[in-house]
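What follows is one structure encoded as structure tokens, with my remarks underneath.
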Amino acid sequence: MPLKVEDVMVTDVITISYRASVKRAAQVMNKHEIGCLIVVKGNKAVGIVTERDMLKRVVARAADPKKTRVEEIMSQPLIVVEPDMELEDAVKLMFEMKIKKLPVVDKGKLVGIVSITDIAKFHPHIMDIIKKLAMQEDVPKRMQRVMCYYIS
């Protein structure tokens, strides 16, 4: 029986309001020791903000993190998967879209998040799929570290 996204996903997803400041987002990420937050507007997930977003769109531009809103720097549109998606298809989507994390949505509700690291760490037999994709695709620099660590 093929593995599904729900078999690997983390269900304790930390979110932040689209109106929050980047400074607040950084504080939340530090508090929880995580590298991204799902951005919500009301009860709907609308984007993702990562450490890279903060570096490229705030630090590199010398923007004021107290005045800059998460909605100004978040990555969007949000690419999501459903819990019953096969894990292999989720990995393929990550490679295709050149992303490392996928929020998991069920009937419009955010229920989890899955990362390439989660998949590689907890399901070594998926590594054959990841290796094959890594040979076929131009692996983005931000994914290379994960690939090197778990494939080597």
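Using 1/(1 + (r/R0)^6) with R0 = 35 angstrom and r between the beta carbons of A60 and S17, what's the FRET efficiency to the nearest 0.05?
That pair, A60 with S17, gives E of 0.90.
Residues with beta-carbon under 11 Å from that of K23, excluding K23: net charge, scoring Lys, Arg +1 and Asp, Glu -1?
My count for the surroundings of K23 gives +3.
Order by neighbour count: D53, D7, fewest other Cβ atoms within 10 Å first, most last.
D7, D53
Using the reciprocal of the averaged 1/r over all distinct C-alpha pairs, how large is the Kirkwood radius of region 59-105 in Å?
Value: 12.8 Å, from the Cα pair sum.
So, by mean Cβ neighbours within 10 angstrom, what's the order for 58-66, 13-21 with the highest one leading?
13-21, 58-66
Bear in mind these aren't lab numbers, they're just calculated from the coordinates by the rules spelled out. From a predicted model like this one, the values you see are computed outputs, not experimental measurements. Backbone-built Cβ (ideal geometry, glycine too); neighbour counts: all protein chains shown.
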